[in-house]
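Below is one structure, written out as structure tokens, with a few remarks after it.
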Amino acid sequence: MKLNIATCNPDKLVEIQAVFRIPGLEMGSALDYPELPEVVEDGETLEANAVKKAVALAKATSAWALSDDTGLEVDALGGAPGVYAARYAGERATYLDNVRKLLDELDGVADRRARFRTAIALSDPQGRTEWVEGEVRGVITTVARGEGGFGYDPVFQPDGATSTFAELPAEEKYSISHRARALKRALEAWGPRLSALAANRGT
């Protein structure tokens, strides 16, 4: 059985594949289907975007699909950038562009509390879906620190830690991140079913 991950982001794909592992399950991604059109993430919630991407890939490939959408919610900014985290500084923004805008918005702000939240959606080939979510709370640092991770990792310091996500070893980040927590819940919810389908070569 094949499970496609509905992302063309190689950084996100590595993190998902590191956590969501089921024996006998063949893992692919949207990168394997360059002919498919990009899904417009125009949902008002993370859950809506995750479901939309999973359903689109599942129906287009006639295979099961898993998708995530992640947002960074900063208290002092009223929950922004939220669902627009990936394009906070514009549609073609780079990771660095988004980080710079966030730090500019928080310049001189004392309350730097924030949370990362991830919604994970699973779709069967017919487009029937389920979703789970995970989150991690922390603070936005005043300067970027660390060379690892991606996105806002250099400026997000999770509660209870003295390092940003970008400063943590990948294995440690994978064990505590918002995406990891959502994926672990996904494994608990869907792992037995997908494992059985893989064993029976189901689709």
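The values are calculated or read from the model by the stated rules, or taken from the named source; none is laboratory data. Bear in mind that the values here come from a model prediction, so they are computed numbers and not experimental data. All Cβ positions, glycine included, derive from the backbone under ideal geometry; neighbour counts span all protein chains shown.
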Residues in the range 3-21 that are within 17 Å of residue 121 (Cβ to Cβ) and not in a helix (DSSP H, G or I) total 8
Selection status of residue 182, more than 17 Å from the chain's Cα centre (by Cα) and of a type in the set (A, V, I, L, M): no
Among the residues that make up the range 69-76, is at least one of them over 13 Å from residue 118 (Cβ atoms) and not in a helix (DSSP H, G or I)? yes
Would the range 56-64 turn up any residue that is at pLDDT 90 or above and under 18 Å from residue 187 (Cβ atoms)? yes
How do the helices (runs of 4 or more DSSP H) wholly within the range 85-203 filter down when requiring 3 or more residues that are surrounded by 15 or more Cβ atoms within 10 Å (Cβ to Cβ) and at pLDDT 95 or above: which remain? 95-105, 178-199
Name the residue, out of 63, 50, 58, that is surrounded by 18 or more Cβ atoms within 10 Å (Cβ to Cβ), in contact (Cβ under 8 Å) with a residue 24 or more places away in the chain and under 16 Å from the mean Cα position of the chain (by Cα). 50
Restricted to the range 66-84, and to residues that are in contact with a Lys or Arg (Cβ under 9 Å, 6 or more places away or on another chain) and surrounded by fewer than 17 Cβ atoms within 10 Å (Cβ to Cβ), which residue is nearest to residue 41 (Cα to Cα)? 75
